[in-house]
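Just below is one structure, and these are the notes that go with it.
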Amino acid sequence: MNPAALLRIAFQCSFRVQRKLLRFAWNGHRAIGAFRRRQEENRPFFPAFWMLSVTNRCNLRCRGCWVEQTAEPCQLSLAQMQGIVDTARKYQSRFFGILGGEPLFHSDLFTLFEKNPDAYFQLFTNGTQLDSEIAERLAKCGNVTPLISIEGLETESRIRRGKGDVFAKSIAGLETVTGAGLFTGVSASINRRNFDELVSAEYLDFLIGKGVHYLWYFIYRPCGRDPDFETALEKEQILALRRFLVEQRRRAKILILDAYWDGAGNALCPGATGISHHIAPNAAVEFCPIVQFTDGFLNEDASNLERILQQNTLLKNLRTFCAEQGRGCVLLEAPRELAQFLRENGAEDSSGRDLLAELETRPPMICHDLPGCEIPETSLGYRLGKRYYFFGFGAYG
């Protein structure tokens, strides 16, 4: 890990933001330790982290998005969101990814941030709604890190987002939050079209120049009503992405994240490990954002969350099923087997589409599980971080 990446946080983020970030690091360590002990001692299950899609409202219609927008917006209530946080706190879990749609369209979002100063929130946003007022409120909270989705430079943004001005607006929003002293990230979903422009040292340097502190790379997974199968990555591109991550983690003055590989370069699925699960805008408790099936919905204050996790069996069986299929993404590698499993287990489709029919007609695709091609981390900092803060925990035997 390049020490300059940490020094940039120290010099560019406000004191309040730095203090909350250090608290998150400590709480994250405790959450992982508590999760590990629950797994080892066969105690009641509860994830270490949560991903919450708080609304399906959005100002964009991106190709490949799995979120089904509805005429009447669907969203978690403040009581449900607070209930999730309160229940998670009992299990020392205090980190929440906040997704949408576009989560900034949720009118109670800042109330959630402000009422829970001991929790830490990662705000997944397209950046177009970020203005000086929102940046100031986020900075005052201190416990929120905006993660701005940039799916390519101008041409790719126009293709993926369906609008011509999204890239400029996202960059303007990015500059606004970094200017307010926030710990700021950018996410990128890599496909064949944007690979060369986003998987490059020049792009990293561009983000560093804009004040970005971390970059989270995702592998594009065709989803939704309009999946773009033709632009999914091929094997050599996935390996090239992995090599790039490992090399640039030592060079670049920016933190580079992924959720696909452990320190030894073995593929992983966060859902299969149980470290994280997802709650949809319609209150469905799901395996992950793209496997949109459930056997339980939250009640009005989310007081039934523990029962859904610990008494219903779908999530438990899904974790076992996915680990048995391989170490990659089951949606990509085994969509038809997944559909059969879900039918046999009586899972309820919570997508708002006919997702079972989609699974049964999807072609199997390659993903990041490439046995024999493992590329270990060469940075000690990242090896330790992945060992103590992220995945594994015996999910794969």
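The values are calculated or read from the model by the stated rules, or taken from the named source; none is laboratory data. Since the model is a prediction, treat every value here as computed from it, not as a measurement. All Cβ positions, even for glycine, are placed from backbone atoms using ideal geometry, and neighbour counts span all protein chains on display. Ligands, DNA and RNA are excluded from the accessible area calculation, which covers all protein heavy atoms including side chains. Shrake-Rupley method; radii C 1.70, N 1.55, O 1.52, S 1.80 Å.
N304 is checked against (1) in contact (Cβ under 8 Å) with a residue 12 or more places away in the chain; (2) surrounded by fewer than 23 Cβ atoms within 10 Å (Cβ to Cβ) and fails just one. What number does that condition carry?
(1)
Given the structure, is R387 open to solvent by 10 Å² or more (accessible area, probe 1.4 Å), touching a residue at least 24 places away in the same chain (Cβ under 8 Å) and part of a loop (DSSP other than H, G, I, E, B)?
It is false that R387 is open to solvent by 10 Å² or more (accessible area, probe 1.4 Å), touching a residue at least 24 places away in the same chain (Cβ under 8 Å) and part of a loop (DSSP other than H, G, I, E, B).
For the structure I just gave you, tell me whether E344 is of a type outside the set (K, R), without any contact (Cβ under 8 Å) to a residue 12 or more places away in the chain and either touching a helix residue (DSSP H, G or I) at 6+ places or on another chain (Cβ under 6 Å) or open to solvent by 40 Å² or more (accessible area, probe 1.4 Å) (or both).
The answer is yes for E344.
Just to be sure before I move on: is E324 of a type outside the set (S, T, N, Q), open to solvent by 30 Å² or more (accessible area, probe 1.4 Å), part of a helix (DSSP H, G or I) and in contact with a helix residue (DSSP H, G or I) (Cβ under 6 Å, 6 or more places away or on another chain) in the structure I sent?
no
Among L342, L338, L318, which is the only one that is in contact with a Leu (Cβ under 7 Å, 6 or more places away or on another chain), closer than 15 Å to C269 by Cβ, at pLDDT 95 or above and not polar (S, T, N, Q)?
L338
Here is a check on your reading of the model: is A339 open to solvent by less than 50 Å² (accessible area, probe 1.4 Å), within 21 Å of V285 (Cβ to Cβ) and without any contact (Cβ under 8 Å) to a residue 24 or more places away in the chain?
When the stated conditions are applied, A339 passes them.
Considering each residue of the range 125-168, count those that are among the aliphatic types (A, V, I, L, M), part of a helix (DSSP H, G or I) and within 23 Å of W66 (Cβ to Cβ), and give that number.
Summing the residues that are among the aliphatic types (A, V, I, L, M), part of a helix (DSSP H, G or I) and within 23 Å of W66 (Cβ to Cβ) in the range 125-168 gives 2.
For the range 301-308, check the following and say yes or no: at least one residue is of a type in the set (G, A, S) and in a helix (DSSP H, G or I).
no
Would you mention how many residues in the range 169-189 are outside any helix (DSSP H, G or I) and over 21 Å from the mean Cα position of the chain (by Cα)?
Of the residues in that region, 2 qualify.
Mind checking which residues of the range 112-124 are open to solvent by 20 Å² or more (accessible area, probe 1.4 Å) and in a helix (DSSP H, G or I)?
E114, K115
Out of the residues in the range 162-171 that are in contact with a Gly (Cβ under 9 Å, 6 or more places away or on another chain) and in contact (Cβ under 8 Å) with a residue 24 or more places away in the chain, which is farthest from L60 (Cα to Cα)?
I171
Give G271, G263 a once-over and let me know the one that is under 30 Å from V212 (Cβ atoms), touching a strand residue (DSSP E or B) at 6+ places or on another chain (Cβ under 6 Å) and modelled with pLDDT under 95.
Residue meeting the stated conditions: G271.
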